[in-house]
Amino acid sequence: MRPKDRISYFYDGDVGSVYFGPNHPMKPHRLCMTHHLVLSYELHNKMEVYRPHKAYPVELAQFHSPDYVEFLHRITPDTQHLFSNELAKYNLGEDCPVFENLFEFCQIYAGGTIDAARRLNNQLCDIAINWAGGLHHAKKCEASGFCYINDLVLGILELLKYHARVLYIDIDVHHGDGVEEAFYFTDRVMTVSFHKFGDMFFPGTGDVKEIGGKEGKFYAINVPLKDGIDDTSFTRLFKAIIAKVVETYQPGAIVLQCGADSLAGDRLGCFNLSIDGHSECVRFVKKFNLPLLVTGGGGYTKENVARCWAVETGVLLDTELPNEIPENEYIKYFAPDYSLKIPRGNIILENLNSKSYLSAIKMQVFENLRNIQHAPSVQMQEVPPDFYIPDFDEDEQNPDERMDQHTQDKQIQRDDEYYDGDNDNDQNMDDA
């Protein structure tokens, strides 16, 4: 039997304290609620817990255009009125507002996904979790759908330094358009998105006919679904397609985006999944025993998001959680029954996905997969180094200046973070 998975978990409390504004459905506070559930169930004792580094602008520009990154860095709520042309150009405004500490928010959630990919690359863990990540709509030069920086693309680019093929799976209710678009013309990444499609549902892309182009033709897979899909229909389809994808594509690593807006009762969603159904997908992907990077994503009924991601943290740790939520800082949000199961309420949507419809979609996907004769081979080059992170110069620091907690934490050296010698990835250089 293979030894127990080593799991790295990334969290920074600062990410949960940002505020998109009144009436905006995105509530990063859900990340604090998730983390406190993880703590109250004592799951942190079974993982290595890290605060991510704040991604540098040059790291964000590995995918995004430097001018867009620079603008995000510069813009503030107080100065935005001076930049109406740029706001329009970069799609900032109603869905993607400019708020206090916007750029730092992006640096933290993107830094978590990049760090997660690097730890997987250096074989320091088997599974890496960043619930703050998964912002799959952001494009190279613009924000979209509450997403500013596409951490998933940055994480996948990192994994591609060590893996010939990376599989991206997305179970958010919205199409993973930003990730698909980034890798649409390459066979090095296969994107598979299960999402609501039709009725002008955001973002409007993700038809089964969108299959990739040029070298990437047949390497984009879309599973367009209708309102009300339930656990049985969803998990059966998910397992059939993902099993065939892994068998055909033979990825070296998997990135799984676990958007929780596909749960029943979500403020913006229209599916009918329970947490058991949603987490069954996570359990299934884990069984392939491939390096696995897991992120969050959408999810707008925040107590259910926290329930879902806490349960899925347990699934990744092979730990079943008791239904009764232990005492924690946010316990009042889980009233009146204080249980992990979603209170079903009266809103059960009719499942508009007929058996014949789902069967036709599955057949179409399988047909497209048959066009991939075998997994593409890639001439592996020497692995580029991880992005250089400057060291502190202790002589330059003023001992009289108070350092914030984040800066102090960066100076704590952990023995288990480094190999012998100066470079984290020296051991892997010879293998590449």
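The values are calculated or read from the model by the stated rules, or taken from the named source; none is laboratory data. Here the structure is a predicted model, which is why all the values come from computation and not from measurement. Note that we place each Cβ from the backbone using ideal geometry, even for glycine, and neighbour counts take in every protein chain shown. Surface areas here come from the heavy atoms of the whole protein model, side chains and all, with no ligands, DNA or RNA. Shrake-Rupley method; radii C 1.70, N 1.55, O 1.52, S 1.80 Å.
Calculated accessible area for the stretch 202-249 comes out at 39 Å² per residue, all protein chains present (probe 1.4 Å; ligands, DNA, RNA ignored).
Checking every one of the GluC sites (Glu not before Pro) in the stretch 10-94 against DSSP loop status and a limit of 16 other Cβ atoms within 10 Å picks out GLU42, GLU94. Each Lys and Arg contributes +1 and each Asp and Glu -1, all at the Cβ; summed about the Cα centre of the stretch 219-318, the dipole is approximately 200 debye. To put it simply, the accessible area of the stretch 1-102 at a 1.4 Å probe is 52 percent carbon and sulfur. Only lysines eight or more places from LYS286 in sequence, or on another chain, were considered; those with a Cα closer than 19 Å are LYS4, LYS46, LYS239, LYS244. In loop segments of the stretch 55-157 as defined by DSSP, there are no chymotrypsin sites (Phe, Trp or Tyr not before Pro) with at most 12 further C-beta atoms inside 10 Å of their C-beta. In a DSSP loop and with at most 16 other Cβ atoms within 10 Å, the chymotrypsin sites (Phe, Trp or Tyr not before Pro) in the stretch 160-205 are PHE185. Spin-label model, LEU268/GLU104: points 7 Å from Cα along the beta carbon direction are separated by 2.4 nm. At the residue level, THR205 shows approximately 50 square angstrom of accessible surface with a 1.4 angstrom probe and all protein chains present.
Descending by average beta-carbon neighbour count within 10 Å, the peptides 12-23, 330-341 line up as 12-23, 330-341, the highest first.
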